1. Would you be so kind as to identify which of A79, A49, P30 lies farthest towards the positive end of the dipole of the chain, taking Lys and Arg as +1 and Asp and Glu as -1 on Cβ and the Cα centre as origin?
2. Hey, how much of the P(r) for the chain falls beyond 14 Å, as a percent of Cα pairs?
3. Give the lysines reachable from K20 as a straight Cα distance under 25 Å; neighbours fewer than 8 places away on the same chain don't count.
4. Rounding to the nearest 20 debye, state how big the charge dipole of the range 1-68 is about its Cα centre with +1 on each Lys and Arg Cβ and -1 on each Asp and Glu Cβ.
5. Given labels modelled 7 Å from the Cα in the Cβ direction, how far is it in nm from E34 to Y54?
6. How about the chain: which chymotrypsin sites (Phe, Trp or Tyr not before Pro) there lie in a loop by DSSP and see at most 12 other Cβ atoms within 10 Å?
7. If you take every DSSP beta bridge whose two residues both sit in the chain, what share of them, in percent to the nearest 5, is antiparallel?
8. Check the cysteines of the chain one by one and keep only those with no other cysteine Cβ under 4.7 Å from their own.
Amino acid sequence: MKEIKMFMFESCPHCAKARKLISSLLDAKPEYKEIPFVMIDEKLQPEEADKCDYFYVPCFFVGDEKVHEGAVDAEKVKAVFEKAAE
């Protein structure tokens, strides 16, 4: 199991959608709650955001690998969690 890092910022509508999709996924698949998950607000934590190479939020890293960047849907969020659970 690998850690998921989600880079986001509070006023981003795509990030808000991603957070809702994550919440729904965790309700449907409680076993995913065991996966380490960290949200990093790039505006509040720029030193953390600068450590990773990405252009759009939300952006998901599983371990050190960028697995998704930009707008999401339920399938893309699920794929991130499935990758982390491998």
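Every read-out reported here was derived from the displayed coordinates using simple, explicitly stated rules and does not represent laboratory data. Just so it is clear, the structure is predicted and the values come from calculations on it, not from any experiment. Every residue, glycine among them, receives a Cβ derived from its backbone with ideal geometry; neighbour counts consider all protein chains shown.
1. P30
2. Working: 2159 of 3655 pairs.
Looking at the chain, the distances longer than 14 Å represent 59 percent of pairs.
3. Reachable lysines: K2, K5, K29, K33, K43, K66, K76, K78, K83.
4. On the way: 10 positive and 13 negative charges, 69 e Å.
So the dipole magnitude of the range 1-68 works out to roughly 340 debye.
5. 2.5
6. Working: sites: F7, F9, Y32, F37, Y54, F55, Y56, F60, F61, F81; in loops: F9, Y54, F55, Y56.
Here the chymotrypsin sites (Phe, Trp or Tyr not before Pro) that fit, given the DSSP loop and packing criteria, are F55, Y56.
7. Working: 8 of 13 bridges.
So the antiparallel bridges amount to about 60 percent of the total.
8. By the Cβ distance rule, which asks for a partner under 4.7 Å, the isolated cysteines are C52, C59.
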